[in-house]
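Nothing in this text is a laboratory measurement; each read-out follows from the coordinates by a stated rule. Remember, it's a predicted structure, so these values are computed and weren't measured experimentally. Neighbour counts run over all protein chains shown; Cβ positions are idealised from the backbone, glycine included.
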Amino acid sequence: MFRPSHFAAVLLFALFASVVFGITQRETPPRMIRYGIYCFVLFVGSAVVLSWLMYLIAR
Amino acid sequence: MATAQNKSAAGETGFVYLPLIAGWLVPGAGHFLLRKWGRGALLAASILGMFVMGIAMQGKLYGGAHDILDVLGLAGDLGNGLLYIVSRVLGLGADQVQVTTADYGTRFIVVAGLLNVIAAVDAHNLRTGRKS
């Protein structure tokens, strides 16, 4: 059984979703790459920010 | 003449919904039909990778719809096309989510299906000329 950590699961999810978003939502390869990286950073960044928010609220 | 040859070479003749249906049944197949090899390979790797990891995490494959959340999960799972059907036939995936990673796995499988639908619609848009 594959047991990634919570953060590893976030990274994998962000990677796969960003690749598909990049290819399907933009027309040219350079813009696909830029948009894919943008989506990846947003996925991971928002997960980190929300995690800190929940940590601070729970204290 | 050259344009007609190019269109033929790009798989842009025949049944207009073929890339959509092929892309739904097999991840990336719609783009392969249109000879978009690189895009198709990346889409297939991403969607297959997400689905396989979901199964490896003992994610749940929705088999029936008992409440609204199950209906949404089943709709997402069905987006995987043949992957879902074959996995159901082989009895892969868990019946009940018992550990945290299995919950991640269930989401991975549902999202892989939704991403596959997006990829299939993209193949259709390429076929109809709405996207280049």
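Things worth noting here:
- Consider the range B:97-132 and keep the residues that are outside any helix (DSSP H, G or I) and facing chain A (nearest Cβ under 9 Å). The one that is farthest from B:L74 (Cα to Cα) is B:S132.
- One residue stands out in the range B:14-47 among those that are closer than 24 Å to A:M1 by Cα and without any contact (Cβ under 8 Å) to a residue 40 or more places away in the chain: the one that is surrounded by the most Cβ atoms within 10 Å (Cβ to Cβ), namely B:A44.
- Residues of the range A:8-50 that turn out to be touching a residue at least 24 places away in the same chain (Cβ under 8 Å) and farther than 20 Å from B:A41 by Cα, as a count: 5
- Residue in the range A:24-44 that is more than 25 Å from B:G40 (Cα to Cα) and within 13 Å of another protein chain (Cβ to nearest Cβ) present: no
- Test: residue in the range B:99-106 that is aromatic (F, W, Y) and closer than 20 Å to A:L15 by Cα: yes
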